[in-house]
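To keep things clear, I will list the structure first and then write my remarks on it.
We did not get these values from a lab; they are worked out from the coordinates using the rules stated. Not measured: the values here are computed from a predicted model. Counting neighbours? That spans all protein chains shown, and the Cβs are built from the backbone with ideal geometry, glycine included.
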Amino acid sequence: MPVITATIEDIPQLVTLINSAYRGEESKKGWTTEADFIRGSLRIDEPALTELIKLNGAMFLKYVNEQDEIEGCVYLHKNGKDMYLGMLSVSPGLQAKGIGKQLMKETEVRAKKTDCTRIFMRVISLRQELIQWYEKLGYYKTEQTEPFPRDTRFGEPLKPLEFLILEKRIK
């Protein structure tokens, strides 16, 4: 299935997908859930996602099935020679079927086409299985960490959390 650029019209489907992949009971069907250490069912809402998609240099890529339903997505934001990658999401019942890898592959294609030399992301340090998955794709841990946001609109941490910064150099 193709990976294509999402549009403003896709925002409701993207919000549903992202929230189902990260939070609440539905997310526990997949292996990318944050529900065990962040209370709440929202990872993002429509106004916040709309703000992100409208940023200069930003886009969401979407993976669609034959019925044109979004089964996966990833947020990209180009800034100079860097590309930030966030909210890689795959429908919980479809995880571990290669959709995430296809989104990651297309991310690298887009990064190269726009002369980026680095893709980086923030990953919650407790998510060791996810970090290992990214490492298999060529990403590595930098020495950088960032505090987890204190804004509880999108969940309340159940334990102290921090982000690790992972990156991959692009040739």
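Each Lys or Arg adds one and each Asp or Glu subtracts one; over the other residues with Cβ under 13 Å from the Cβ of residue 68, this totals -4. Exposure proxy for 170, 119: other Cβ atoms within 10 Å of each Cβ, ordered fewest to most, give 170, 119.
Are there GluC sites (Glu not before Pro) in region 11-101 that DSSP marks as loop and that have at most 10 other Cβ atoms within 10 Å, and which are they?
In loop regions of region 11-101 (DSSP not H, G, I, E or B), the sparsely surrounded GluC sites (Glu not before Pro) are 66.
Ordering 125, 158, 40 by the projection of their Cα atoms onto the charge dipole of the chain, which places +1 on the Cβ of Lys and Arg and -1 on the Cβ of Asp and Glu, puts 125 at the extreme positive end. A Cβ-based charge dipole, computed about the Cα centre of region 3-120 with Lys and Arg at +1 and Asp and Glu at -1, lands at about 560 debye. Distance from the Cα centroid of region 114-159 to that of region 42-58 is 18 Å (rounded to whole angstrom).
Using just the helices of the chain, give the 222 nm mean residue ellipticity in deg cm²/dmol: DSSP H runs with n ≥ 4 each add -39,500 (n - 2.57), and the total is spread over all residues, rounded to 500. It would help to have the intermediate numbers written out before the result.
On the way: 5 runs with 48 residues, N = 171.
The helix-only estimate for the chain comes to -8000 deg cm²/dmol at 222 nm.
Look at [x] 42, 40, 30; [y] 61, 60, 24; [z] 47, 32, 28: the one that is Cα extents along the principal axes in Å derived from this structure is [x]. Identify all aspartates and glutamates with a Cα-Cα distance to residue 78 below 19 Å; exclude those on the same chain that are fewer than 8 residues away in sequence. By straight Cα distance, residue 78 reaches 51, 106, 108, 115, 167.
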